[in-house]
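Just so you know, all these numbers are worked out from the coordinates, no wet-lab data involved. On a predicted model such as this, the values are computed, not experimentally measured, just so you know.
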Amino acid sequence: MDRAPVLPVLDPLVHEPARLRVLVVLAMVESADFMYLLRQAGLSRGNLSVQMSRLEDAGLVASTKRVVDGRVRTSYVLSPAGHEALRTYRAAMREVLAAIGD
């Protein structure tokens with residue numbers, strides 16, 4: 001009997017669908033404000049807020065706040081650690097997908 005391949009461990013912080021979606025969006029743009037992420041990710045305000053806090057606490061994204069027309073606007077960028085986390089995740093997923101074949 002053939003031994004099953006040892007699969008890589010997927011980072012649960014990145015693998016969670018809502019966070020993964022946000023990270024991918026941020027990887028495609030220079031920066032994004034909260035409303036843009038809300039539209040792109042298709043999450044509720046509360047869920048997006050929680051996910052962004054988790055990503056920021058983990059150092060994968062950074063935020064800046066500024067006042068525009070009397071309102072506070074929060075913008076996010078993917079940090080260098082966030083870029084690395086996505087690269088690592090992509091490599092791990094390639095291994096997982098290769099293990100199941102075509």
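Remarks
- Computed from Cα atoms alone, the Kirkwood hydrodynamic radius reported for the stretch 12-97 is 13.2 Å.
- Between amide H atoms placed 1.01 Å from N, distances below 5 Å from ARG73 occur with ARG66, VAL67, VAL68, all of them 5 or more places distant or on a separate chain.
- 222 nm mean residue ellipticity, helices alone, for the chain (DSSP H n ≥ 4; -39,500 (n - 2.57); rounded to 500): -17500 deg cm²/dmol
- Helix axis angle, 45-57 relative to the chain longest principal axis, alpha carbon, degrees: 70 degrees
- Full-extension gain in nm, SER53 to ALA99, via 0.36 nm per residue minus C-alpha separation: 13.2 nm
- Nearest-ten-degree value, helix 80-100 long axis tilted from longest Cα axis of the chain: 30 degrees
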